[in-house]
Each structure stands twice: as C-alpha cells, then as structure tokens.
Amino acid sequence: RPWAPGQPPPAAAEAESAEEAGGRARRLRTAFSAEQISTLESSFQRHQYLGAAERRKLAGRMQLSEVQIKTWFQNRRMKLKRQL
C-alpha cells in the first residue's frame, strides 16, 4: 500500500522507531569494488578459511573491517557449497 507523500516509507519508519526504542539498526549492505572482489576471490582460491592474522592483514590492505572480510568468506563458502 502506498504511503502518504512527505512520510517516510514504512521500512524507514520501522528502522527509526527501532533506533528510538534503543534497538540497533541493521548495517547497510557493503558494496565491494571490483578490485576488492578480485582480491578476495584470489585469496579464497588459496585458502577457503582465513586465520586471524591473515584476516587482519587483508582487512588493512583492503580498507575493510575484519568482520566484513569474515562475512564475505562465510558467504563465499556457502556459495561454493551450493554450487557443488
């Protein structure tokens, strides 16, 4: 159902109310650059699992957080599993 002009869409209103109620808003989806994806894919080809030191090094080199790197690798392993 459309919302009234000048009013935020319902999803935005829910996010605002969650923040006001002390809840945490979800992070926006990370848009990786083509260069970042290429680096991540080549690293994944060498090792499907990263250790903490390698993850820190990769995160620093790519200007991303360690959590973003860890999540990308988790998602990539699941993608590989689906493909097999």
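The values are calculated or read from the model by the stated rules, or taken from the named source; none is laboratory data. Quick caveat: nothing in here was measured; it's all calculated off a predicted structure. Backbone-built Cβ (ideal geometry, glycine too); neighbour counts: all protein chains shown. Surface areas here come from the heavy atoms of the whole protein model, side chains and all, with no ligands, DNA or RNA. Shrake-Rupley method; radii C 1.70, N 1.55, O 1.52, S 1.80 Å.
Where the only charges are on Cβ atoms (+1 Lys, Arg; -1 Asp, Glu), what is the dipole of the range 34-83 about its Cα centre, to the nearest 20 debye?
Details: 11 positive and 4 negative charges, 47 e Å.
Computed about the Cα centre, the dipole is about 220 debye.
Note down the net charge around G60, summing +1 for each Lys or Arg and -1 for each Asp or Glu among other residues with Cβ under 15 Å from its Cβ. Numbers along the way, then the final one.
Details: positive: R55, R56, K57, R61, K70; negative: E54, E66.
Neighbour charge sum, excluding G60 itself: +3.
Quick check for you: with a 1.4 Å probe and neighbouring chains kept, what is the accessible area per residue of the range 34-83, in Å²?
Values: 3500 Å² over 50 residues.
Here the residues of the range 34-83 average 70 Å² of exposed surface.
By per-residue mean of other Cβ atoms within 10 Å, what is the highest-first order of 44-50, 26-32, 57-63? Show your work: numbers first, answer last.
On the way: 44-50: 12.0, 26-32: 8.7, 57-63: 14.0.
Packing order, densest peptide first, comes out as 57-63, 44-50, 26-32.
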